[in-house]
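Every read-out reported here was derived from the displayed coordinates using simple, explicitly stated rules and does not represent laboratory data. All figures in this text were calculated on a predicted structure; none of them were measured in a lab. With ideal geometry, Cβ positions are generated from the backbone for all residues, glycine too; neighbour counts draw on all protein chains shown.
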């Protein structure tokens with residue numbers, strides 16, 4: 001047995017807590033696969049949780065996550081086995097992309113992620129107590145989404161991640177915070193479907209002490225942006241306040257990087273708020289959502305704006 005097989009075997013056994021037999025894939029099975037696959041991977045087979053699994057041990061560090069996913073699908077279709085990529089090393093951003101794409105993978109010593117077998121195991125670390133920690137940005141976004149866009153009760157982390165266009169681990173951490181701090185309950189199934197303990201106005205008042213302004217920083221521009229309007233311009237559309245003589249747009253941090261050449265810390269007639277979460281997740285009718293708008297303006301020193309934004313919340317029918 002070569003060193004690579006021994007390393008994989010030792011790691012998998014450590015993670016699953018039992019003996020796992022790993023051996024080279026038999027020649028008859030190999031002959032059913034394209035030469036591209038047999039030349040790029042060392043092919044092994046084993047049995048995990050009662051399922052037959054083919055391990056694709058990658059020989060080329062330059063294979064992209066999308067290529068790995070495609071090759072996994074080819075092997076799975078040909079052999080009718082769960083197929084798992086084994087990588088000796090992987091860059092963090094590629095690991096994130098592979099997990100987002102739900103590619104079964106093993107990185108010995110670091111990660112065992114096999115969603116087709118409902119396995120996501122990593123070397124044990126000291127658990128992080130999420131209680132009394134600040135609400136995470138995405139936990140806030142989940143609460144606001146549930147209150148304004150769509151009832152999230154009965155959903156697990158993966159469909160919520162897809163709704164919001166963020167990674168599964170990010171949403172999973174947010175749901176853990178909400179669970180640890182008494183906002184949601186999780187059922188005992190493997191999918192961990194969430195249910196908010198309180199609803200509508202009660203949930204808003206429960207969350208309010210934890211909620212923060214979505215604004216990370218404020219920039220200026222002379223350009224015309226096509227992102228949700230925010231700040232005084234948005235509140236003017238919702239109330240009797242006069243429209244300001246400048247535009248105000250909200251952008252995500254990613255958008256701010258893309259727009260960097262047209263943004264300035266000091267110069268420009270229009271205001272650009274860079275938000276901690278993508279404002280488009282919650283935006284409606286070309287404006288940022290009302291609850292995020294309130295959070296962004298509740299500490300304003302402008303008494304007119306302060307009065308109107310508080311009145312909006314008082315008049316909201318939950």
- Task: Specify the angular offset, from 0 to 90 degrees and rounded to the nearest 10, of the alpha carbon long axis of helix 3-16 from the longest principal axis of the alpha carbons in the chain.
- Result: 60 degrees
- Exposure proxy ranking, count of Cβ atoms within 10 Å, fewest first, for 292, 189: 189, 292
- Task: List 240, 290 from most exposed to least, where exposure is judged by having the fewest other Cβ atoms within 10 Å.
- Result: 240, 290
- Query: How much length is gained if the chain between residue 197 and residue 237 is pulled fully straight, taking 0.36 nm per residue apart and subtracting their Cα-Cα distance, in nm to one decimal?
  - Reply: 11.0 nm
- Rounded to the nearest 5, the percent of antiparallel DSSP beta bridges in region 3-121 equals 70 percent
- Message: Only bridges whose two residues both fall in region 215-310 count here: according to DSSP, what percent of them are antiparallel, nearest 5?
- Response: 65 percent
- Task: For the chain, set up a Gaussian network in which alpha carbons nearer than 10 Å are linked by springs, and say which option among 114, 106, 224 fluctuates the most.
- Result: 224
- Honestly region 135-205 on the Cα gyration tensor test (a ≥ b ≥ c root eigenvalues; a/c under 1.5 rounded, otherwise a/b vs b/c for prolate or oblate) is just rounded
- Message: Would any residue of region 236-255 have its amide N under 20 Å from a label point 7 Å out along Cα→Cβ of residue 269? List them or say none.
- Response: 236-237, 242-250
- Just from its helices, what would the mean residue ellipticity at 222 nm be for the chain, if runs of 4 or more DSSP H residues each count -39500 (n - 2.57) and the sum is divided by every residue, rounded to the nearest 500 deg cm²/dmol? -11500 deg cm²/dmol
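Considering only the chain, what is the antiparallel percent among its DSSP beta bridges, to the nearest 5?
Close to 70 percent.
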- Query: Under a plain spin-label model, where a point goes 7 Å from the Cα along Cα-to-Cβ, how far apart in nm are residue 73 and residue 187?
  - Reply: 3.0 nm
- Query: Can you sort 280, 97, 31 so the residue with the fewest Cβ neighbours within 10 Å comes first?
  - Reply: 31, 280, 97
- Have a look at 227, 300, 170 and tell me which one the Gaussian network model of the chain (Cα, springs below 10 Å) gives the largest fluctuation. 300
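Once you sort the root eigenvalues of the Cα gyration tensor of region 3-121 as a ≥ b ≥ c, which label holds: rounded (a/c under 1.5), prolate (a/b larger than b/c) or oblate (the other case)?
Working: a/c = 1.40, a/b = 1.05, b/c = 1.33.
It comes out rounded by the Cα gyration axes.
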- Message: Please compute the length gained on full extension between residue 88 and residue 52, using 0.36 nm multiplied by the number of residues separating them and subtracting their Cα-Cα distance.
- Response: 10.8 nm
- Message: Using 0.36 nm times the number of residues separating residue 280 and residue 222, minus their current alpha carbon distance, what extension gain do you get?
- Response: 18.7 nm
- Item | Most mobile of 168, 277, 11 in a GNM of the chain (Cα contacts under 10 Å) | 11
